[in-house]
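Below is one structure, written out as structure tokens; comments come after it.
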Amino acid sequence: MKCIFCKNISDNCVSIEHIIPESLGNKEHVLPKGVVCDTCNNYFAVKIEKPLFELPYFRSVRFRNDIENKKGRPTLDKGIIGGIVSVGKDEQGLHIIAENSGVAKGIIDGSIKHMILPFNSEPDSNDINVSKFLCKAALESLIYRVGPVQEWLDEITEHPQLDTIRNYVRYGSKPSFWEYHQRRIYQEGDEFFNEKVSSETYEILHEFDFFYSDEGELFYVLVIMGIEFTVSLSSEEISGYRRWLIQNAEKGPLQTHDEMRVRSNPKDVNSLIGKRISFYTPEI
Ligand SMILES: [Zn+2]
């Protein structure tokens, strides 16, 4: 067996590759051992996923949605109180970890009265970490979609037309930036109802699909918590998808849900996010 990225023999590898990181709530979309070798799996964890999670949006979205990291620890976000502090939440509410003793003292003695907890609603566009993550997920999702059948694995691993995107992800080879398209297609926390799927409403953390445009270009579309990301597997440019969207009245390939509703009960703590939070000092 060969790794689909570096093409080295991966028979003895033990890593199970998560197409979407576990730390974004993915337990379902994984690839069996050896499809991605241990070295590449480790490279992606350190060089792609770690920087991705340090982006304010991804940190913030994990915090808002109570998504734990791989080790089961809750995500902390950053709040602003005369400096940056870490903010966590649990059933009792928010808790603040202030490394600066002056800030900590100010909160306790009541001289600091407010904190800003930003709401980062979207990642910056044209981010190299998002680009590399999407290209990695695109190649892996191809395998996931066709199933780990040896014939298909060989086809995808040896396909010269996929070498540019493969080497961009794994070795940082040219092009210097693989373009992607990003837009919100539904709100974070929206729930769906489809009687063919379930008798109850459900939230979609992520979903993906592939399609060929009329121009013969292969696109990968990944939706994570309402944000649609698209890359082309045929070209480092994304202009083909923009043309396709115009022809299709801006309706993306994954916007086919029968019914949609907005979540009606935001958690109490979450309703504080994006607002100015006041502290009070209890009277003793
Ligand atoms: Zn490899």
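The rows are residues; the columns are (1) modelled with pLDDT under 80; (2) of a type in the set (Val, Ile, Thr); (3) more than 26 Å from residue 21 (Cα to Cα).
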| site | (1), (2), (3) |
| --- | --- |
| 192 | no, no, no |
| 218 | no, no, no |
| 232 | no, no, no |
| 262 | yes, yes, no |
| 281 | yes, yes, yes |
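Given the residues 233, 205, 222, 218, which is the only one that is closer than 29 Å to residue 4 by Cβ and touching a His at 6+ places or on another chain (Cβ under 7 Å)? First the steps, then the outcome.
Details: 233 fails: touching a His at 6+ places or on another chain (Cβ under 7 Å); 205 fails: touching a His at 6+ places or on another chain (Cβ under 7 Å); 218 fails: touching a His at 6+ places or on another chain (Cβ under 7 Å).
Sole residue among the options that is closer than 29 Å to residue 4 by Cβ and touching a His at 6+ places or on another chain (Cβ under 7 Å): 222.
Quick check on region 14-42: of everything there that is buried (at least 18 other Cβ atoms within 10 Å of the Cβ) and near the ligand (Cβ under 8 Å from one of its atoms), which residue is farthest from residue 126 (Cα to Cα)?
Here the residue is 37.
Which numbered condition in (1) modelled with pLDDT of 95 or more; (2) touching a helix residue (DSSP H, G or I) at 6+ places or on another chain (Cβ under 6 Å) is the only one that residue 146 fails?
Of the numbered conditions (1) modelled with pLDDT of 95 or more; (2) touching a helix residue (DSSP H, G or I) at 6+ places or on another chain (Cβ under 6 Å), the odd one out for residue 146 is (1).
If we scan region 48-70, do we find a residue that is in contact (Cβ under 8 Å) with a residue 40 or more places away in the chain and within 16 Å of the ligand (Cβ to nearest atom)?
Yes, region 48-70 has at least one match.
Please go through region 2-13 and give me each residue that is out of contact with any Cys (no Cβ under 7 Å at 6 or more places or on another chain) and either near the ligand (Cβ under 7 Å from one of its atoms) or outside any loop (DSSP other than H, G, I, E, B) (or both), ordered by number. Lay out the reasoning, then the answer.
Step one: of region 2-13, the residues out of contact with any Cys (no Cβ under 7 Å at 6 or more places or on another chain) are 2, 4, 7, 9, 11-12.
Once the filter is applied, which keeps residues that are out of contact with any Cys (no Cβ under 7 Å at 6 or more places or on another chain) and either near the ligand (Cβ under 7 Å from one of its atoms) or outside any loop (DSSP other than H, G, I, E, B) (or both), region 2-13 yields 2, 9.
Residue 56: over 20 Å from residue 155 (Cβ atoms) and touching a Leu at 6+ places or on another chain (Cβ under 8 Å), yes or no? Show your work before the answer.
Numbers: over 20 Å from residue 155 (Cβ atoms): yes; touching a Leu at 6+ places or on another chain (Cβ under 8 Å): no.
So residue 56 does not fit the description; no.
Within region 97-155, can you find the residues that are of a type in the set (S, T, N, Q) and crowded, with 20+ Cβ neighbours inside 10 Å?
131, 141
Looking at (1) surrounded by 19 or more Cβ atoms within 10 Å (Cβ to Cβ); (2) assigned to a loop (DSSP other than H, G, I, E, B), which one does residue 240 not meet, given that it meets all the others?
Here residue 240 clears every test but (2).
With respect to residue 189, is the statement that it is surrounded by 14 or more Cβ atoms within 10 Å (Cβ to Cβ) and at positive phi true? Write out each step before concluding.
Details: surrounded by 14 or more Cβ atoms within 10 Å (Cβ to Cβ): yes; at positive phi: yes.
Against the criterion (surrounded by 14 or more Cβ atoms within 10 Å (Cβ to Cβ) and at positive phi), residue 189 qualifies.
Residues that are polar (S, T, N, Q), touching a residue at least 12 places away in the same chain (Cβ under 8 Å) and either within 16 Å of the ligand (Cβ to nearest atom) or more than 21 Å from residue 238 (Cα to Cα) (or both): does region 189-205 have at least one?
The answer is yes; a qualifying residue exists.
Does at least one position in region 102-125 carry a residue that is away from the ligand (no atom under 16 Å from the Cβ), under 30 Å from residue 170 (Cα atoms) and either of a type in the set (Phe, Trp, Tyr) or out of contact with any helix residue (DSSP H, G or I) (no Cβ under 8 Å at 6 or more places or on another chain) (or both)? First the steps, then the outcome.
Within region 102-125, the subset away from the ligand (no atom under 16 Å from the Cβ) is 102-125.
Right, trim to under 30 Å from residue 170 (Cα atoms) and you get 120-125.
Next, from what is left, pick out any that are either of a type in the set (Phe, Trp, Tyr) or out of contact with any helix residue (DSSP H, G or I) (no Cβ under 8 Å at 6 or more places or on another chain) (or both): 125.
Yes: one or more hits.
Just to be sure I understand the filter: pairs with C-beta atoms under 8 Å, separated by 6 or more residues or on different chains, first member in region 1-19 and closer than 23 Å to residue 130 by Cβ, second member polar (S, T, N, Q) and away from the ligand (no atom under 12 Å from the Cβ). Which pairs pass?
As it stands, the answer is 18/26; 19/26; 19/141, since those pairs meet every condition given.
The values are calculated or read from the model by the stated rules, or taken from the named source; none is laboratory data. Computed from a predicted structure; not experimentally measured. Using ideal geometry, Cβ is built from the backbone for each residue, glycine included, and neighbour counts are taken over all protein chains shown.
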